[in-house]
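Novice: The structure that follows is given in the form of structure tokens.
The values are calculated or read from the model by the stated rules, or taken from the named source; none is laboratory data. Here the structure is a predicted model, which means the values were calculated and not measured. Every residue, glycine among them, receives a Cβ derived from its backbone with ideal geometry; neighbour counts consider all protein chains shown.
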Amino acid sequence: MKFLFHFGRYLSLLRLAFQRPEKQSIYFRQIMVEMENLGLASVGIVAIISVFMGAVLAIQMAFNIDTPLIPSYTIGFVTRQSVELEFAPTIISLILAGKVGSRIASEIGTMRVTEQIDALEIMGINPATFLILPKIVASMIINPFLIMMSMLLAVGGGWLAGIFTGLFPSSEYIYGIQSFFHMYDIFYALTKTIVFAFIIASVSAYNGYYTKGGALEVGEASTNGVVYSSIAIIFMNLILTQILLA
Amino acid sequence: MIEGRNISKSFGDRLVLENVSVSMEKGQTNLIIGQSGMGKTVLLKCLVGLLEADHGKVFYDDREFSKMSFNEMKEIRQEIGMLFQGGALFDSLTVEENVMFPITMFTKQTPQEKLERANFCLSRVNLQNVNKLYPSELSGGMKKRVAIARAISMNPRYLFCDEPNSGLDPQTAHLIDELIKEITIEYNMTTVVVTHDMNSVLEIGEKIYFLYQGKLWWEGTKDNILYTENPELQAFVFTSELTKRLRPVKGVGG
């Protein structure tokens, strides 16, 4: 019952958020600001995690494919496939749910408890549209770029791991990452990314928007934003994989 | 004029407002007073539409606010200025941007015109050289004054103030009271102030509504509040040593 209550309220908040903005130029500017806050500010963490993720993946592959029956270019191929299909879109989205989701929930939650949302409403501005819509749109635009960057850096990380450890030859790895490439895999990964971006922004915003109380409740909203968006991502990951790859 | 008729509001099983009717006069500062938890802020939020009353109607100059659609409500809200208890300034915007915010959202003024209006409003509340500061860099009193500047930036017809003096020193509180009184007269606004500060009551209370246990217990003016025979109001008014000294001797005055 509680789930149905929250889900219904989440849908009505989305209906409110997707209303015609009061002044479109202001919203356009807000989207730009949010792209910087939510996207560009995450470039560093995404880059670091991606490089190390790719490196670890490649090293693990090298240790596990320790037989002459499997060609060593498989390491590059499997690393690329893993990164492209799952690690970049899903794991990085989960990390973004932590970083960006908590930011969104705590920002909106603080605005709620300090009556800034009431102030917007009193002015005749739809607070859901003003606060949530730019965050959703910005996330859906910027996250695919972050994920593509993550894919490149992770594959690059794997290559660096090979060079520094000497576990596999660089030329074989490069051959592997070029092998059996399907454009559809990128489409699949980016479709997932866009859906996850929507989930991160909207679920976190929902948790912040209905915060009641003070600092403790803002913290709780922030935690709930991360937890629920992560669960929703994992759940949608299964559904989208079934729909797009089955 | 703002009129609230038979407003009732409950949260779960708890009845917070019961059949409260108020009539806020134009060009006056109308006060809603009472102890904490008596429903003052809930009444204010029902009047301004931040809370939906369970029963009752709200009228803004004979326009029934409680029946309006979202878009009709938006039009009236552009005629409303509100000063929140904590100021409710937008943290991410500077003082100047905060004051310009409603103008930016609802007018087509040039940046220069907006800036001039913001500077005028800030000077009206006696604030200079703070344009580029952020709310976190301001004192409590300054935040309240910026909030007043923002509230009057669109020349509102109705001004709502929720505990404008809370957390302020007596001098700043007096300054805020004076400011509210002045701009009410200057813009001929209908001003509604929620307070439990007796200094405010005696300074600016042209019309006073006393709420007790969610009901309208007493109404009058600052001139006759001291002569009240209502025991609950007496207990509220004559709490401090200072106000006890103002208590009229029986048979004298009022």
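Novice: Which of the residues belonging to region B:162-183 are of a type in the set (Ser, Thr, Tyr) and either closer than 20 Å to A:Glu115 by Cα or surrounded by 23 or more Cβ atoms within 10 Å (Cβ to Cβ) (or both)?
Specialist: Here is the first cut: in region B:162-183, the residues of a type in the set (Ser, Thr, Tyr) are B:166, B:172.
Within region B:162-183, B:Ser166 is the sole residue that qualifies.
Every residue, every condition in (1) among the acidic types (Asp, Glu); (2) touching a strand residue (DSSP E or B) at 6+ places or on another chain (Cβ under 6 Å); (3) more than 30 Å from A:Gly109 (Cα to Cα); (4) not in a helix (DSSP H, G or I), yes or no:
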position: A:Trp159; (1), (2), (3), (4): no, no, yes, no
position: A:Glu172; (1), (2), (3), (4): yes, no, yes, no
position: A:Ile177; (1), (2), (3), (4): no, no, yes, no
position: A:Thr193; (1), (2), (3), (4): no, no, no, no
position: A:Tyr206; (1), (2), (3), (4): no, no, no, no
position: A:Val226; (1), (2), (3), (4): no, no, no, no
position: A:Ser230; (1), (2), (3), (4): no, no, no, no
position: A:Asn237; (1), (2), (3), (4): no, no, no, no
position: A:Leu240; (1), (2), (3), (4): no, no, yes, no
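Novice: Now for a separate question. Restricting to region A:6-31, name every residue that is assigned to a helix (DSSP H, G or I) and within 14 Å of chain B (Cβ to nearest Cβ).
Specialist: Passing the criteria: A:Ser12, A:Arg15, A:Leu16, A:Ala17, A:Gln24, A:Ser25, A:Ile26, A:Tyr27, A:Phe28, A:Arg29, A:Gln30.
Novice: Filter region B:49-107 for residues that are of a type in the set (S, T, N, Q) and in a loop (DSSP other than H, G, I, E, B); which is nearest to the other protein chains (Cβ to nearest Cβ)? Lay out the reasoning, then the answer.
Specialist: Taking region B:49-107 and keeping what is of a type in the set (S, T, N, Q), we get B:66, B:69, B:71, B:78, B:85, B:92, B:94, B:98, B:104, B:107.
Among the residues that remain, those that are also in a loop (DSSP other than H, G, I, E, B) are: B:69, B:78, B:85, B:92, B:94, B:107.
On the way: B:Ser69: 13, B:Gln78: 5, B:Gln85: 7, B:Ser92: 9, B:Thr94: 14, B:Thr107: 10 Å.
Among them, the one singled out is B:Gln78.
Novice: Also, quick follow-up: Just to verify a result, which residue in region A:192-211, among those that are within 16 Å of the chain's Cα centre (by Cα) and among the aromatic types (Phe, Trp, Tyr), is surrounded by the fewest Cβ atoms within 10 Å (Cβ to Cβ)? Steps first, answer last, please.
Specialist: Filtering region A:192-211 for residues within 16 Å of the chain's Cα centre (by Cα) gives A:192-205.
Next cut, among the aromatic types (Phe, Trp, Tyr) only: A:196, A:198.
Values: A:Phe196: 29, A:Phe198: 19.
Result: A:Phe198.
Novice: Before we move on, is B:Leu43 buried (at least 18 other Cβ atoms within 10 Å of the Cβ), touching a strand residue (DSSP E or B) at 6+ places or on another chain (Cβ under 9 Å), hydrophobic (A, V, I, L, M, F, W, C) and away from chain A (no Cβ under 12 Å)? Outline the logic, then answer.
Specialist: Numbers: buried (at least 18 other Cβ atoms within 10 Å of the Cβ): yes; touching a strand residue (DSSP E or B) at 6+ places or on another chain (Cβ under 9 Å): yes; hydrophobic (A, V, I, L, M, F, W, C): yes; away from chain A (no Cβ under 12 Å): yes.
Judged against the criteria, B:Leu43 is a match.
Novice: Now for a separate question. Restricting attention to region A:212-246, and to residues there that are buried (at least 24 other Cβ atoms within 10 Å of the Cβ) and of a type in the set (Ser, Thr, Tyr), which single residue is nearest to A:Leu94 (Cα to Cα)?
Specialist: A:Ser229
Novice: Go through the residues of region A:103-119 one by one and say whether even a single one is crowded, with 24+ Cβ neighbours inside 10 Å, at pLDDT 95 or above, assigned to a helix (DSSP H, G or I) and more than 14 Å from chain B (Cβ to nearest Cβ).
Specialist: yes
Novice: Another question about this same structure. Hey, any hits in region B:51-60 for a residue that's modelled with pLDDT of 90 or more and under 14 Å from the mean Cα position of the chain (by Cα)? Full working, then the answer.
Specialist: Restricting attention to region B:51-60, the residues satisfying the condition of being modelled with pLDDT of 90 or more are B:51-60.
Among the residues that remain, those that are also under 14 Å from the mean Cα position of the chain (by Cα) are: none.
No, because not a single residue in region B:51-60 is modelled with pLDDT of 90 or more and under 14 Å from the mean Cα position of the chain (by Cα).
Novice: Moving on to the next point. Considering each of A:Phe87, A:Phe52 in turn, give the residue that is buried (at least 18 other Cβ atoms within 10 Å of the Cβ) and either more than 14 Å from every other protein chain (Cβ to nearest Cβ) or outside any helix (DSSP H, G or I) (or both).
Specialist: Numbers: A:Phe52 fails: buried (at least 18 other Cβ atoms within 10 Å of the Cβ).
On inspection, the qualifying residue turns out to be A:Phe87.
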